[in-house]
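In what follows, a structure is listed as structure tokens, so that the remarks can point back to it.
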Amino acid sequence: MGIKSNSKKVKIDGIDKKILRFLMADARKPVLEIARNIGISGAAIHQRLRKLEASGLLAGSKFIINPKVMGYTTMAYVGIYLDKAMSNPVAVKQLSKIPEVLECHYTTGNWSILIKVLCKDNEHLMHVLNKNIQQIEGVSRTETFISLDQQIDRQISI
């Protein structure tokens, strides 16, 4: 789940950037509305989008679920220390089985792995830490940081 290094840079022009900005703001914006705003045909936009998808620049579109509506209000970041004998991929495989784990990153620094966890409340978080994460063989300890409120949530600007 890491960032894949792609040595081939994608060339995009001003029109591509305008299309992408519209779609990043609202992926459901009708193509014909975008076409009218930019001043090109809907077919030209479809062609450009196919090119951008083929290049790997676009990674699909998705609906975003608001977790608070589902009762998930506690977001935390957990640094995981692994025993030296522990294999990172084995730990990641175990972490992937825990539905509350949203992201998992290999990191530099003290931890072997940093994960992002979403739970209903602090009690739920404590349960996930004690009964799931810390029970994984090779996890020597964890360090947990609860997010009080996310202040920035954005993509890279185009």
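None of the figures in this text is laboratory data; all of them are computed from the coordinates on show. Because the structure is a prediction, the values reported are computed rather than measured. Cβ placement follows ideal geometry from the backbone for every residue including glycine, while neighbour counts extend to all protein chains displayed.
Scan the stretch 110-122 and tell me whether some residue there is free of Cβ contacts under 8 Å to residues at least 40 places away in the same chain, out of contact with any Phe, Trp or Tyr (no Cβ under 8 Å at 6 or more places or on another chain) and either among the hydrophobic types (A, V, I, L, M, F, W, C) or loosely packed, with under 12 Cβ neighbours inside 10 Å (or both). Steps first, please.
Step one: list which residues in the stretch 110-122 are free of Cβ contacts under 8 Å to residues at least 40 places away in the same chain, which gives 110-115.
Filter once more, keeping what is out of contact with any Phe, Trp or Tyr (no Cβ under 8 Å at 6 or more places or on another chain): none.
No, the stretch 110-122 contains no residue that is free of Cβ contacts under 8 Å to residues at least 40 places away in the same chain, out of contact with any Phe, Trp or Tyr (no Cβ under 8 Å at 6 or more places or on another chain) and either among the hydrophobic types (A, V, I, L, M, F, W, C) or loosely packed, with under 12 Cβ neighbours inside 10 Å (or both).
The one condition from (1) assigned to a helix (DSSP H, G or I); (2) surrounded by 13 or more Cβ atoms within 10 Å (Cβ to Cβ); (3) in contact with a Gly (Cβ under 7 Å, 6 or more places away or on another chain); (4) without any contact (Cβ under 8 Å) to a residue 40 or more places away in the chain that A91 does not meet is (4). Of the residues in the stretch 48-69, at least one is outside any loop (DSSP other than H, G, I, E, B), under 19 Å from the mean Cα position of the chain (by Cα) and under 28 Å from T142 (Cβ atoms).
Annotation note: of S147, S157, the sole residue that is among the polar types (S, T, N, Q), free of Cβ contacts under 8 Å to residues at least 24 places away in the same chain and under 30 Å from R21 (Cβ atoms) is S157. The set of residues in the stretch 27-41 being assigned to a helix (DSSP H, G or I) and either in contact with a Phe, Trp or Tyr (Cβ under 6 Å, 6 or more places away or on another chain) or within 21 Å of K11 (Cα to Cα) (or both) consists of I34, A35, I38.
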